Structures are given as structure tokens and as C-alpha cells.
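These notes are about the structure you will find just below.
Nothing in this text is a laboratory measurement; each read-out follows from the coordinates by a stated rule. Here the structure is a predicted model, which means the values were calculated and not measured. With ideal geometry, Cβ positions are generated from the backbone for all residues, glycine too; neighbour counts draw on all protein chains shown.
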Amino acid sequence: MSVRPAVIWFRDDLRLDDHPALDAVARDGRPVVALFVLDEVSPGLRPLGSASRWWLHRSLAALADDLGRLGVPLVLRRGPASIVVPALVAEIDAGLVAWNRRYGGGEMAIDRDLKATLRERGVEARSFQASLLFEPMALRTATGGPYRVFTPFWRAARAAPPPRPPLAAPTALRPRDAEAASDRLADWRLLPSGPDWSGGLAETWRPGEAGARDRLRRFLDTGIYSYSLDRDRPDLEAASRLSPHLRFGEISPFRIWAEVAAFAARPDAPIASIDKFLSEIGWREFSHHLLFHFPDLATRNFQARFDAFPWRDDPAFFDAWRTGRTGLPIVDAGLRQLWRTGWMHNRVRMIAASYLVKHGLVDWRDGERWFWDTLVDACPANNPAGWQWVAGSGADAAPYFRIFNPVTQGAKFDPDGVYVRRWVPEIAALPTRVLHAPWTADAATLASAGVRLGFDYPRPIVDHAFARARALDAFAATAAPH
Ligand SMILES: Cc1cc2nc3c(=O)[nH]c(=O)nc-3n(C[C@H](O)[C@H](O)[C@H](O)COP(=O)(O)OP(=O)(O)OC[C@H]3O[C@@H](n4cnc5c(N)ncnc54)[C@H](O)[C@@H]3O)c2cc1C
């Protein structure tokens, strides 16, 4: 008797290692059909930004190669998942569809409905925990509600049973005899053209599972030793840069956890750095916890009293920010790093976001959308959570009176100016003492560095003391407890 094939539906888990849905089917021994659906139309799904589309193309190509080595083609289909998945199931008479769970509101609605549809048609649907170490429904406060503050959330997570060991990638899969029809990846036009701005992304990243494993290995060989000390330094390579790989699920948090735990057992292990790194992985878990419980995280103020905030509509300010022409070198360096590489250092994300929201009084949602379009790690949970945290409207947010001074932040975290000189080359010849505030340099210093302020590089588009006072007034009126 022939066994009905299984569909493995890949989504935010573009890997073979520690892929519980794939593992279950591989053990079953049934014929496997691997599927990815580009769904840009279902309600509640956020269409990917441009940098993420670039990443997705490269990541799908890598996944197709990896599956191909096991003899299984990756089937690409486009359209609403609620139609595309059942259509493929009917076409190949599949008996099972397996996937790893997602936690966004729109995604969960699709999965819930699909499960019901498939079951009605006598097709088994199985879902697995793979992308989060601690699923949002598993962690509850003492009163049964969601966590809104990171520290107790992470304390509860660390007190819960430890994450399971990761599963090895299957060494063999049974392909179906006949290949199902597939779109051509190139026809999806995920890569930019006219103009192709992706050169800097391609130089910086290697999307796919092998690239992800390589990043983790390099981080455990080098960066982790000084992570707790240096993670705030954008001029150093201290952070892991795993974020886009985690975003697309090219590496599993369970794999990261296990490798870090094994590393922690070494006699010379840097324990403070390891704890700090794991707590950053914890922030990712926390953001997803928030997204699960508050699916409108990207569009609605977490704290409703921010709904009345007097945001300014200032396209010129936003444009200067977006293009890295604010006249504040650390802010401009960050926005230019983002544009060129699709990534920005975490400390600089905080400084740049704070500048837009507090110096400019521009709505955090505008900044969030820009990051969404330009980050290769643009994450439906981490991005809005990060922006709301900076704006002060979020859960466990930064206090409103914390208004970063970009000059002192620059001097503190880029003390030798290496980061600014790399991304803002037109002021690279300035001495370090004035590099983070070029307008304070005297005429002779500017002249000998070949810098004409207002021509080669802008003067600050807003005065810090003025902007700070304006923001304090606006935020105090909104954020003061009633
Ligand atoms: C305004 C703003 C927007 C952000 N948008 C995103 C986003 O779209 N996608 C994204 O992955 N991160 C976002 N972050 C969080 C953080 O900046 C990045 O995760 C981090 O810079 C990625 O670099 P890394 O992989 O070297 O991090 P590491 O320091 O090596 O940390 C390891 C991993 O932990 C997670 N992590 C680290 N810091 C945070 C954090 N503050 N919140 C949630 N998870 C974290 C990431 O998955 C990261 O890859 C944002 C932060 C801010 C302030």
C-alpha cells in the first residue's frame, strides 16, 4: 500500500538542523515534499521590507541547495497560504502537513484555520515548537497574565525546565517519486533591480544555514570573551550578528543555547559575558511574548496614554535622518551603516531611534517602518518592541526623560572615532576630540581637515538643548502617571 506523502511547510525556519517538523517526518519514513509559500496577501501578514526580501531570496536558494543534497526539491508557491497549502495537499494527496509554530497574530490565525481545514479533509496537521525557547503561552505571571517587564519574565524563563537539546539535521529524506510543480525563485523578483542597491548586503552577509553556523562559531571563538564589556561598542566586532539568521530561522535558538551551554562548561569560560548574551536572546523571547499577547505591537502604543502624544509632521527632519544627514556623526554613521549593510549596531539603533523620536518628535512608527524596510533582521517582534522601548510607549520602556545626547554617546561608545570615520568619511580627517561634534571645531581645524560645514557635512539640523527641552515638555505631559 502506498504511503501518502507529508508536506513540510517551511516558514521562519529556513534550516534543516533542529527542525522538529522535518525531524518528525524524516523519522516517519514517508515521502517528503518541502514547501515554501510567499504569502503577501493574507490579512494580518506584514509584507516583507526590501532588505528582508533580498535576504529571503538568498536564504531560500541556500535551503533549496541543502534539501537538494538530500534529494528533495524545495517547492515554491505564491499566494494566500489558506488556499495554496490545501491545493498542494490535494494535488499530491498528502496525508500530513507539518510546520513549526509562529507567534504573530495574522500568522497564528492562518495556521489555526488551516489546521481545521486540513483535519476536516482527513489530513493530519502537526505543529511544533522550534523558534522560541519559551513559548508565550507557557510563561504566565502569578495572576495568569502576560509579562510586561523583562526581568521577571526572564527570571521565570530561567526557572522553567531548561530548553530541550537540539535535534540533528536528517541525514536522509525520502523524496516523492514525481516532482510537484514549483515557481522559479527568480520570478518572485525578491532581489532589487533598477537600481540594484544590494552590493553592500552581499559583501556583509552570507544568508543560509551554513552562514549562520559560521557566525555562531566565530562569535564563540572571539566576540563572546569580551561581550559584556564591549557589546555597546559599534567600532568593535563584539556582538554576534546572528540577528538576521535568527530572524529567518537559519539557526535555532535551541542550537545556540546548547552550544553556549557547552562553551560555558570550559574552565576559562567568560561567565558574565555568557549570561549577558543569553539574556539578549531572552530579550528576543520577551519581544515575541509581547507580540503574541499584543499583536498590534507595530501599530499601537503599548501604553495608551501615548495615543495623545503631539508628534510632529516634519518630512525634512525625517529625510535628513533616513539618509544620514542630521549633522550628528554617530546618528548619521548608524543610518548609513543600515543603508549599506542592512544592519545597525544595537547601541547605535538606540541612539538613532532616540534622536528621531525625542530630538525630532517624529512618531516612532515612521522610524519603525524605515527599519522594517531596510534591516536584514527586520523582525515583527523585535523591531516594534525596540522602537516602543526607545519612545517610552512600550512595555518596560526607557523612561521618557532619558534623552540620549548623541555627542556624549558617540564619545563614550566610539571613543577613537573608528566607527564614525568608517561611515562618515567626509569628516574622517577631523581630530577625535571634535569628531562627534564637528560644529565645535575652530575654523583652522576644519580647514586643515578639509571640512566645510554646511557643504561637505551638515550642521546639526536641530540644537540639542532646544530639542531636549521641547521633548521633556512633550513627554512629561504625556508620560506622567495620572
Ligand atoms: C529601535 C530598535 C529596533 C530594533 N529592531 C530589531 C529588529 O528588527 N530585529 C532584531 O533582531 N533586533 C532588533 N533590535 C534589537 C537589537 O538591536 C538587535 O537584535 C541586535 O543589534 C542584533 O545584533 P546581534 O545579532 O549582533 O546581537 P547580539 O548582541 O549578539 O545578541 C544576540 C541576539 O539576541 C537578540 N537580541 C539582542 N538584543 C536584543 C534586543 N534589544 N531586543 C530583542 N532581541 C535582541 C537578537 O536576536 C540577537 O541576534 C532593535 C533594537 C532597537 C533599539
Q | C-alpha center-to-center spacing [region 65-106, region 265-332] in angstrom | A | 32
Q | Unit charges on C-beta of K, R, D, E only; dipole of region 6-130, Debye | A | 160
**Q.** Linear extension gain, E40 paired with R433, 0.36 nm per residue minus alpha-carbon span
**A.** 136.6 nm
Q: Return the long-range amide H neighbours of W197 (sequence gap of 5 or more, or a different chain), with a cut-off of under 5 Å between placed amide H atoms.
A: none
Q) Local charge sum around A471 (other residues, Cβ-Cβ under 13 Å, Lys/Arg +1, Asp/Glu -1)? A) +3
Q) How do D307, D456 rank when sorted from fewest to most other Cβ atoms within 10 Å of their own Cβ? A) D307, D456
Q) What number comes out for the charge environment of G450, summing +1 per Lys or Arg and -1 per Asp or Glu over other residues with Cβ under 11 Å away? A) -1
Q. In the neighborhood of A298, defined by Cβ-to-Cβ distances under 13 Å, what is the net charge if each Lys or Arg adds +1 and each Asp or Glu adds -1?
A. -1
Q | Distance (nanometres) between label positions extended 7 Å along Cα→Cβ at A24 and F401 | A | 5.2
(Q) Suppose R0 equals 56 Å. What FRET efficiency, 1/(1 + (r/R0)^6) with r the Cβ-Cβ distance, do A87 and T204 give to the nearest 0.05? (A) 0.90
Q | Estimated inter-spin distance, R452 and A156, nm [label 7 Å along Cα→Cβ] | A | 6.1
Q) Taking the Cα centre of each part, how many Å lie between region 369-425 and region 36-56? A) 24
(Q) Multiplying the sequence separation of V3 and E280 by 0.36 nm and subtracting their Cα-Cα distance, what value in nm do you get? (A) 95.3 nm
Q | Charge dipole magnitude, Cβ of K and R +1, D and E -1 - the chain, Cα centre, debye nearest 20 | A | 560
Q.
Please list, in order along region 443-457, the HN-Hα scalar couplings obtained from phi with the Karplus expression 6.51 cos²θ - 1.76 cosθ + 1.60 (θ = phi - 60°), rounded to whole Hz, x for Gly and Pro.
A. 4, 5, 5, 4, 5, 6, 8, x, 10, 9, 5, x, 10, 6, 8
Q) Residues with amide H under 5 Å of A125's amide H, sequence separation 5 or more or different chain, H placed in the peptide plane at 1.01 Å from N; which? A) V97
**Q.** Table column - 3J(HN,Hα) (Hz), region 161-175, Karplus curve with 6.51, -1.76, 1.60, x for Gly and Pro
**A.** x, x, x, 5, x, x, 8, 6, 5, x, 9, 8, 9, 9, x
Q | Under 23 Å from K412, Cα to Cα: lysines that are on another chain or at least 8 residues apart | A | K276, K358
Q: Using the number of other C-beta atoms within 10 angstrom as an exposure proxy, rank I224, I271, I92 with the fewest first.
A: I271, I92, I224
Q) How many nm is it between the label spots at D314 and A444, if each spot is 7 Å from the Cα in line with the beta carbon? A) 3.6
